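Working notes, structure below.
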Amino acid sequence: MIPDLAGDWKQNNSASDDGWMTAAISGNTITANFVTDNGDTTSLFWVGTFTPPTDDTTRYTWTSTRDTAATDTALLASTDATKDFTYENDEISFPVSIAGSTATVRLSKQ
């Protein structure tokens, strides 16, 4: 069965009790946000293209191209031109780099 990645996703490996990341996939767009203050504050991290899988592969990786118009004015948004996302074992994962440190964010569908 081809995985349906559309919908809302939430980080399952956050080191913080009151902060995490979320992602929303709709059409050919993926939007990722930092969520802090126990959900009261949302900051844009990524808006970019998304190509859904076309077969039932167990591991699916895509390269998303950043929507510069949507992210250029967002203080915490990534400035990378592209970002790689992977879907495997019912999770989406991607790297996030802040102040020279990189962590892998893992998301589960909500």
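So here's what we get for this one:
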| quantity | calculated |
| --- | --- |
| Nearest-20 debye value, region 21-110 charge dipole, Cβ charges on Lys, Arg, Asp, Glu | 100 |
| For the chain, calculated [θ]222 nm from helices alone, where every DSSP H run of n ≥ 4 adds -39500 (n - 2.57) | -500 deg cm²/dmol |
| Extension gain (nm, one decimal) between Ala74 and Ala24, 0.36 nm per residue minus Cα-Cα | 16.3 nm |
| The chain - accessible surface per residue (Å², probe 1.4 Å) | 58 |
| Stokes-Einstein D in µm²/s, Kirkwood radius over Cα pairs - the chain at 4 °C with 1.567 mPa s viscosity | 91 |
| Listed residue (Thr41, Ser97, Ser26) projecting farthest to the positive dipole end of the chain, Cβ model | Ser97 |
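The values are calculated or read from the model by the stated rules, or taken from the named source; none is laboratory data. Treat the numbers as computed from the prediction; the structure is a model and nothing was measured. Note: ideal-geometry Cβ built from the backbone for every residue, glycine included; neighbour counts use all protein chains shown. Surface areas here come from the heavy atoms of the whole protein model, side chains and all, with no ligands, DNA or RNA. Shrake-Rupley method; radii C 1.70, N 1.55, O 1.52, S 1.80 Å.
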